[in-house]
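The values are calculated or read from the model by the stated rules, or taken from the named source; none is laboratory data. Computed from a predicted model, the values in this text were never measured in an experiment. Neighbour counts are summed over all protein chains in view; Cβ atoms, including those assigned to glycine, are modelled from backbone coordinates with ideal geometry.
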Amino acid sequence: MASTSSWRAVRRRPSLIGSTRQATRVTPASCAVAGRLSRAAVMLESGKRAMAVPISAENAAAGFILPGDRVDIMVSRELQSTNGGRNQQIVEPVLRNIKVLAIDQNISAAADTAAVIGATATLELTPEDGQALALARSQGSLSLMLRSYADVSAASGRVNSQETQMATNTVRVFRNGQASEVSVAR
């Protein structure tokens with residue numbers, strides 16, 4: 001049987017939500033029972049999932065992407081030639097305006113942190129966005145592009161393939177007397 005003091009602590013916890021304690025606002029997330037929920041799970045918006053992707057200084061804005069930032073995700077892959085010519089490298093947008101939850105195991109950036117070069121970035125995604133990202137990762141290499149804070153109100157999620165097709169042109173390029181078709185973004 002629980003002691004009276006522990007019963008009171010549990011009984012009072014809901015009444016703390018929304019009140020101020022030691023100059024910090026008490027929220028449902030800060031009242032999570034220790035050992036039952038991970039801090040990362042509490043940080044996720046309802047209906048969202050966390051997914052980690054490998055990063056390096058070269059594919060993640062030289063380490064300037066920090067937890068809380070928003071990124072666009074691109075996939076670089078090789079497009080097979082249909083006419084027997086040389087394959088071409090293409091880069092396509094996969095997701096846009098995606099929130100970065102963590103870099104490696106760090107879920108918050110220190111105030112004086114200018115850059116963090118990590119091995120993984122944990123992203124907040126819908127289940128459908130997670131599927132699109134997993135597919136893109138299997139097709140080629142991923143790159144994260146840091147978004148400006150002025151763009152955070154833009155739509156987030158998967159990039160429509162129609163948008164991508166409408167935003168590209170095909171240009172005929174001649175190299176050493178050989179013609180080839182190259183897709184160029186507008």
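Within the stretch 106-126, does at least one residue satisfy the condition of being among the aliphatic types (A, V, I, L, M), under 21 Å from Ala155 (Cα atoms), touching a residue at least 12 places away in the same chain (Cβ under 8 Å) and surrounded by fewer than 15 Cβ atoms within 10 Å (Cβ to Cβ)? Checked against the condition, which is being among the aliphatic types (A, V, I, L, M), under 21 Å from Ala155 (Cα atoms), touching a residue at least 12 places away in the same chain (Cβ under 8 Å) and surrounded by fewer than 15 Cβ atoms within 10 Å (Cβ to Cβ), the stretch 106-126 yields no hits at all. In the stretch 102-119, the residue that is modelled with the highest pLDDT out of those that are assigned to a loop (DSSP other than H, G, I, E, B) and under 15 Å from Leu146 (Cβ atoms) is Gly118. Scanning the stretch 62-101 for residues that are modelled with pLDDT of 90 or more and at positive phi, we see that the one that is surrounded by the most Cβ atoms within 10 Å (Cβ to Cβ) is Asn97. Across the stretch 76-85, not a single residue is classified as in contact with a Leu (Cβ under 6 Å, 6 or more places away or on another chain) and either of a type in the set (A, V, I, L, M, F, W, C) or within 30 Å of Gln178 (Cβ to Cβ) (or both). Filtering the stretch 127-151 to residues that are buried (at least 16 other Cβ atoms within 10 Å of the Cβ) and in a helix (DSSP H, G or I) leaves Asp129, Gly130, Ala132, Leu133, Ala136, Arg137.
So is Arg39 modelled with pLDDT under 90, farther than 30 Å from Ala155 by Cα, surrounded by 10 or more Cβ atoms within 10 Å (Cβ to Cβ) and out of contact with any Ser or Thr (no Cβ under 9 Å at 6 or more places or on another chain) or not? It is false that Arg39 is modelled with pLDDT under 90, farther than 30 Å from Ala155 by Cα, surrounded by 10 or more Cβ atoms within 10 Å (Cβ to Cβ) and out of contact with any Ser or Thr (no Cβ under 9 Å at 6 or more places or on another chain). Checked across the stretch 45-57, the condition of being assigned to a strand (DSSP E or B), charged (D, E, K, R) and either modelled with pLDDT of 90 or more or touching a helix residue (DSSP H, G or I) at 6+ places or on another chain (Cβ under 9 Å) (or both) holds for at least one residue. Against the conditions (1) without any contact (Cβ under 8 Å) to a residue 60 or more places away in the chain; (2) not in a loop (DSSP other than H, G, I, E, B), Pro93 satisfies every one except (1). Over 16 Å from Ala134 (Cα atoms), assigned by TED's automatic domain parsing to the domain that holds Pro127 and touching a strand residue (DSSP E or B) at 6+ places or on another chain (Cβ under 7 Å): does that describe Glu92? No: the conditions fail for Glu92. When Asp69 is tested against (1) among the charged types (D, E, K, R); (2) touching a residue at least 24 places away in the same chain (Cβ under 8 Å); (3) farther than 30 Å from Asn176 by Cβ; (4) out of contact with any Phe, Trp or Tyr (no Cβ under 9 Å at 6 or more places or on another chain), just one condition goes unmet, and that condition is (4).
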